[in-house]
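Presented below is the structure to which this report refers.
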Amino acid sequence: MLLLQSWVGMNDDRHDGAGNMAGRLNGASSLIRAEHEKALYVYCMNHRMNLCVANTCGIPLVRNMMDVVKKISDCFNNSPQQYLISKIEAMMPNTNHTVLIDVCRTRWIERIDGFDRIVELLFPVKATFEEISSNQDALNDGTWNPSSRNDAQAMISAITSFSFIVALVVVKCILGLTRPPTVKLQKAIDLLKAKNELALLIKY
């Protein structure tokens, strides 16, 4: 019997997978069933677990922290990235990491790594925002535009708040606990072993 797993994407508010996999007309599962009528569509258990984790992130404190982290990664995907790299190299010469990782909703391994990275590099991130807000630009001998300076000042206020730091550290630790089963559920795993992994996660 053919088992088809939905490894790609998901709709934010439905649990039946992305249209390109689960669509009744042109989805991959429908096309396969047209050729093999006994084929079953099985939703990826890793994505199911990630949806459960995502649903628990509706707490305002956690949601606001995640929004700030996303804004940080979006910001440094643009022009200040090289400036942040130079700040990291100056402040943390022994680190192996000089860039942030984007925190995507559905790519949970990357999200877990992204939270680890932002905690590690929070001081250089803050220092970079401080220099932008005070209109310093050591790399280009120029000036930051008013919009960038205002955004940087807003980010300083956000990332230095007690609620942000507590939520960031707690969520980082909790997501770290989900990493082993997340990795294992991405691969072929015995059902009993998967159940035991998740039971252990729930216990923690």
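The values are calculated or read from the model by the stated rules, or taken from the named source; none is laboratory data. For clarity, every value in this text was computed on a predicted model and none was experimentally measured. Note that we place each Cβ from the backbone using ideal geometry, even for glycine, and neighbour counts take in every protein chain shown.
At-a-glance table
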read-out: Single residue of Val166, Val171, Val183 found to be out of contact with any Gly (no Cβ under 7 Å at 6 or more places or on another chain), at pLDDT 75 or above, within 25 Å of Arg117 (Cβ to Cβ) and outside the structural domain of Val68 (by TED's automatic domain parsing); value: Val183
read-out: Test for Val166: is it within 25 Å of Met92 (Cβ to Cβ), under 24 Å from the mean Cα position of the chain (by Cα), surrounded by fewer than 16 Cβ atoms within 10 Å (Cβ to Cβ) and among the β-branched types (Val, Ile, Thr); value: yes
read-out: Test: Ile159 is in contact (Cβ under 8 Å) with a residue 60 or more places away in the chain, surrounded by 15 or more Cβ atoms within 10 Å (Cβ to Cβ), in the same structural domain as Cys75 (by TED's automatic domain parsing) and over 18 Å from Cys75 (Cα atoms); value: no
read-out: Failed item, numbered, when Lys70 is tested on (1) modelled with pLDDT under 65; (2) part of a helix (DSSP H, G or I); value: (1)
read-out: Test set (1) modelled with pLDDT under 80; (2) surrounded by fewer than 15 Cβ atoms within 10 Å (Cβ to Cβ); (3) within 27 Å of Ala154 (Cα to Cα) - Asn55 fails condition number; value: (3)
